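Structure first, commentary second.
The values are calculated or read from the model by the stated rules, or taken from the named source; none is laboratory data. Note that this is a predicted model, so its numbers are computed, not measured. Note that each Cβ is placed from the backbone with ideal geometry, even for glycine, and that neighbours are counted across all protein chains shown.
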């Protein structure tokens, strides 16, 4: 059972009980908001002096090899001298040579020398996924961290952590502040305790299914409290916590207890534990109650974690739910009309759904406890996997070592399980790609198209569902027939799990820790494929933009804006990776954006003859292009604009924005931005983040937007502009574009044309 109430609630007795605020008008609401755990931590890290307008400093930074080259190119170009706080570089994404030859190792060598030069912490490939290392070695109770990955959640350990795009992380490296309005805080009240066959993904999907599509917790802080917290192991809490990203919340924080203290002790740093609990009469802006007693095994059907349903319902009604997937595919693959996943074929003559493959991996599932439960299933079934492929990726070498010590790895491999190293590949489509038209299971973070490794733009598609490792194990050892862990509920015995021990020596022997020991004379090693960001122009007085793509899906993910998987190794080269922009969603976007960009290059080169062709539509708004060409060349920038209803759900990757900018994109228009981090990425790359509330906006590809005096509009922070749309038939119409009120840093960044320009010039 989950209950969501959109009204304020007070927590009493340290979060043991909740009461509606409306029942207690005599209590001080302003004082109550200061009693949450979130407020206590945020106040300790806010440097603005204004509790409503935050300027936060972080205690730790984390980056990984999918993102860190672009981040470091940004930070170095902006004047980086040394890392101000412990800054971790893990190598858990670009670990296969499937594309690019030496690119991946070149990038790793680049990061190693960066860590020596600026005083960073370098974790070699296959040692740990980013979030596992941060949990094991870095985060502390009551602290704040920023990491270049959207699944940055260490709230269960008492750290308020934020996953952000590259420019915001670069700002933290430069000892700049992270700016935002004080967010709303949602009280997540846990009661009861989960059944033995229920796992963390089941609880997470229950939450995500209830709050994502209605935006109930969007850009808010989730604060987990209540007696149910104490019924959960540390691995269980971490497994829920990392998945809160898929609810669209800003971040999360949990009350802490002896279970958390013991986890810090196991990892040889009990001194980093801090007891956290809401003070009496802590006021929450809204309220969620999850009764853990009632949570049941869940499944998130393709192609989003919010497509969450009770697993028993899917098993009982296979035709209904496989048709749901097929119907959903028609929307998801709207620009790939030849793709028609055949999910009905997965229903066998016995009425069961036959699964093709499964993986348990990463920060969500690669914990000792999750994998140990799979071993309990394997021992109980004692019949092997046969031809069914089950791949397991422990989240770190210390976890894998402990699995070996306890004999769990040997047990599983004997039964046919493939045990692999710490690698995020199954989470973003870089390993274990199934066959075309496969139906696969993942206990990982996301199930978007391509996250399982297929390439829809090439006519390939596999469909992934999210499920807890307990139900995945039940399925795998049942011949691949979709099976709920509840069907074998007696197998799971928490009391028989081996005690986990942590061997810190594993990291001591291989991790380079240079924090506080920067070596400025170190020469950074650049591979031939690592390229700097291109020069970016300041915002011009006026803009003439051409519409390069119109996307009418209700939500557009960052995976659709820039695909994962095959692009990963190219992220050290902004020009190469930009070629993949919107590849699956609108394959013609790159060509259209480049066509407009060619005119801007002509303008900057002083090529009047070429630029004049782009300016020609301005005759429709009364501008004498022939007479005013010299002025236009000096004052009117040329670029492209993208429209999508709600872009930016999903990953924090800044490439979803920077690739647009590299291709000459100067603005986005949407109803609203799906996440704060994507909007921040747009601003930091100098793209105007316009909004327009009309659900049925009639923009068309090829039309022009005339934005006169846009620089003045931004400089004066007017909050919007009346643009003129020039249709392909020469007609004109007015379109009001909101720009919201910008904070000072945002305003200066947009005027400068990018964050790099701003900091370089300051």
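Here are the numbers for the structure shown:
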quantity: Which listed residue is in contact with a strand residue (DSSP E or B) (Cβ under 6 Å, 6 or more places away or on another chain), modelled with pLDDT of 95 or more and in a helix (DSSP H, G or I), from 209, 239; calculated: 209
quantity: Pick from the range 351-375, criterion touching a residue at least 60 places away in the same chain (Cβ under 8 Å) and more than 28 Å from the chain's Cα centre (by Cα), ranking: farthest from residue 301 (Cα to Cα); calculated: 352
quantity: The one condition in (1) under 28 Å from the mean Cα position of the chain (by Cα); (2) more than 30 Å from residue 416 (Cβ to Cβ); (3) modelled with pLDDT of 95 or more; (4) not assigned by TED's automatic domain parsing to the domain that holds residue 225 that residue 330 fails to fulfil; calculated: (3)
quantity: Matching option when the condition is touching a helix residue (DSSP H, G or I) at 6+ places or on another chain (Cβ under 7 Å) and in the same structural domain as residue 485 (by TED's automatic domain parsing), among 299, 339; calculated: 339
quantity: Hey, residue 161 crowded, with 24+ Cβ neighbours inside 10 Å and in a strand (DSSP E or B) or not; calculated: yes
quantity: Number of positions in the range 601-616 that are buried (at least 21 other Cβ atoms within 10 Å of the Cβ) and touching a residue at least 60 places away in the same chain (Cβ under 8 Å); calculated: 2
quantity: Test: residue in the range 426-440 that is touching a residue at least 12 places away in the same chain (Cβ under 8 Å) and under 25 Å from residue 232 (Cα atoms); calculated: yes
quantity: Residue count, the range 313-332 (criterion: touching a helix residue (DSSP H, G or I) at 6+ places or on another chain (Cβ under 6 Å) and touching a residue at least 40 places away in the same chain (Cβ under 8 Å)); calculated: 1
quantity: Some residue of the range 20-27 being surrounded by 14 or more Cβ atoms within 10 Å (Cβ to Cβ) and either under 13 Å from residue 189 (Cα atoms) or outside the structural domain of residue 256 (by TED's automatic domain parsing) (or both); calculated: no
quantity: Subset of the range 374-398 [buried (at least 24 other Cβ atoms within 10 Å of the Cβ) and part of a helix (DSSP H, G or I)]; calculated: 374, 377, 378, 398
quantity: Exclusive hit being under 19 Å from residue 482 (Cβ atoms) and either part of a loop (DSSP other than H, G, I, E, B) or at pLDDT below 95 (or both), set 449, 426; calculated: 426
quantity: Matching entry among 722, 729, 694 (being farther than 19 Å from residue 593 by Cβ and either assigned to a strand (DSSP E or B) or not assigned by TED's automatic domain parsing to the domain that holds residue 591 (or both)); calculated: 722
quantity: Residue check for residue 147: touching a residue at least 40 places away in the same chain (Cβ under 8 Å) and either under 12 Å from residue 242 (Cα atoms) or touching a helix residue (DSSP H, G or I) at 6+ places or on another chain (Cβ under 6 Å) (or both); calculated: no
quantity: Any hit, the range 36-52, residues being within 22 Å of the chain's Cα centre (by Cα) and either over 30 Å from residue 510 (Cβ atoms) or assigned to a helix (DSSP H, G or I) (or both); calculated: yes
quantity: Enumeration of residues in the range 457-469 that are surrounded by fewer than 24 Cβ atoms within 10 Å (Cβ to Cβ) and assigned to a helix (DSSP H, G or I); calculated: 457, 458
quantity: Hits in the range 8-60 (condition: out of contact with any strand residue (DSSP E or B) (no Cβ under 7 Å at 6 or more places or on another chain) and farther than 24 Å from residue 158 by Cβ); calculated: 22, 23, 25, 26, 28, 30, 49, 50
quantity: Hits in the range 576-595 (condition: touching a helix residue (DSSP H, G or I) at 6+ places or on another chain (Cβ under 7 Å) and either part of a helix (DSSP H, G or I) or surrounded by fewer than 19 Cβ atoms within 10 Å (Cβ to Cβ) (or both)); calculated: 576, 577, 578, 579, 587
quantity: The one condition in (1) surrounded by fewer than 18 Cβ atoms within 10 Å (Cβ to Cβ); (2) in contact (Cβ under 8 Å) with a residue 12 or more places away in the chain; (3) assigned by TED's automatic domain parsing to the domain that holds residue 12 that residue 33 fails to fulfil; calculated: (1)
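A quick yes/no check of all residues on (1) assigned to a loop (DSSP other than H, G, I, E, B); (2) loosely packed, with under 13 Cβ neighbours inside 10 Å; (3) in contact with a helix residue (DSSP H, G or I) (Cβ under 6 Å, 6 or more places away or on another chain):
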{"residue": "471", "(1), (2), (3)": "no, no, yes"}
{"residue": "475", "(1), (2), (3)": "no, no, no"}
{"residue": "486", "(1), (2), (3)": "no, no, no"}
{"residue": "490", "(1), (2), (3)": "no, yes, no"}
{"residue": "502", "(1), (2), (3)": "yes, no, yes"}
{"residue": "508", "(1), (2), (3)": "no, yes, no"}
{"residue": "515", "(1), (2), (3)": "yes, no, no"}
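Residue by residue, here is whether (1) touching a residue at least 40 places away in the same chain (Cβ under 8 Å); (2) assigned by TED's automatic domain parsing to the domain that holds residue 358; (3) within 30 Å of residue 314 (Cβ to Cβ); (4) over 29 Å from the mean Cα position of the chain (by Cα) holds:
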position: 472; (1), (2), (3), (4): yes, yes, yes, no
position: 485; (1), (2), (3), (4): yes, yes, yes, no
position: 510; (1), (2), (3), (4): yes, no, no, no
position: 531; (1), (2), (3), (4): yes, no, no, no
position: 534; (1), (2), (3), (4): yes, no, no, no
position: 547; (1), (2), (3), (4): yes, no, no, no
position: 558; (1), (2), (3), (4): yes, no, yes, no
position: 574; (1), (2), (3), (4): yes, no, no, no
position: 578; (1), (2), (3), (4): yes, no, no, no
